[in-house]
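The values are calculated or read from the model by the stated rules, or taken from the named source; none is laboratory data. The shown structure was predicted, so the numbers you read here are calculated from the model rather than taken from an experiment. FYI the Cβ positions are ideal-geometry reconstructions off the backbone, even for glycines, and counts take in every protein chain you see.
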């Protein structure tokens with residue numbers, strides 16, 4: 001069994017969703033990690049969930065990056081530990097310097113909550129190794145600041161190193177303006193770190209872990225993480 005840690009920040013609202021997806025759907029033990037603690041409790045992987053951490057009173061994730069637990073997460077990631085940041089968690093990972101770029105206000109300047117489709121761009125990560133390149137997943141989004149942006153040299157590096165893990169697409173896998181829900185640069189929905197052990201993903205695999213939620217495609221990401229940990 002692989003032990004997962006799910007961080008709780010003030011304002012988190014998807015921590016229980018992640019806990020449920022890991023324990024009840026992926027069949028692995030999960031513990032809740034309080035933001036004021038520095039103890040990762042021997043976890044094999046860490047999930048930084050979605051939600052309005054600290055109310056997003058500054059930039060999203062800008063306060064959360066200073067939490068004691070995030071200092072431990074940074075050390076964990078730097079030694080190869082597997083970290084998944086979802087929605088607000090993606091924003092926190094960018095603010096903490098674990099991933100490049102930033103998440104800006106949606107192009108339409110409105111909160112968007114709906115089902116979207118994302119295309120798998122690489123299987124060379126522990127989060128996607130069990131998928132196939134081009135595989136399309138149906139997952140929901142719920143965000144105001146999901147518009148990914150980075151400078152041109154960073155984008156060139158992401159593309160060259162195949163660190164764009166997911167892009168928004170149509171159900172058939174085509175990249176179209178209509179398929180991009182927030183204006184993200186290069187249709188980016190998720191990226192990974194240079195070591196490929198940290199993934200930031202704007203859509204919610206935790207909210208698509210079983211068919212009664214509208215899709216069970218998100219479970220594939222958690223199952224891939226388990227498989228990668230077992231092989232490791």
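List of remarks:
- In the set (1) more than 22 Å from residue 220 (Cβ to Cβ); (2) in contact with a helix residue (DSSP H, G or I) (Cβ under 8 Å, 6 or more places away or on another chain), residue 85 fails one condition alone, (1).
- None of 213, 229, 219, 199 is under 22 Å from residue 47 (Cβ atoms) and modelled with pLDDT under 95 except 213.
- Number of the condition not met by residue 127 [criteria: (1) under 19 Å from residue 215 (Cβ atoms); (2) in contact with a helix residue (DSSP H, G or I) (Cβ under 9 Å, 6 or more places away or on another chain); (3) surrounded by fewer than 20 Cβ atoms within 10 Å (Cβ to Cβ)]: (3)
- Some residue of the stretch 116-124 being at pLDDT 95 or above and more than 21 Å from residue 193 (Cβ to Cβ): yes
- Subset of the stretch 99-122 that is buried (at least 24 other Cβ atoms within 10 Å of the Cβ) and in contact with a helix residue (DSSP H, G or I) (Cβ under 6 Å, 6 or more places away or on another chain) - its residue that is farthest from residue 161 (Cα to Cα): 103
- Residue ranges of strands (runs of 3 or more DSSP E) in the stretch 34-135 with at least 3 members in contact (Cβ under 8 Å) with a residue 60 or more places away in the chain: 82-86, 112-120
- Filter result for residue 18 (in a loop (DSSP other than H, G, I, E, B), in contact with a strand residue (DSSP E or B) (Cβ under 6 Å, 6 or more places away or on another chain), at pLDDT 95 or above and crowded, with 16+ Cβ neighbours inside 10 Å): no
- Scanning the stretch 52-66 for residues that are crowded, with 24+ Cβ neighbours inside 10 Å and modelled with pLDDT of 85 or more turns up just one, 64.
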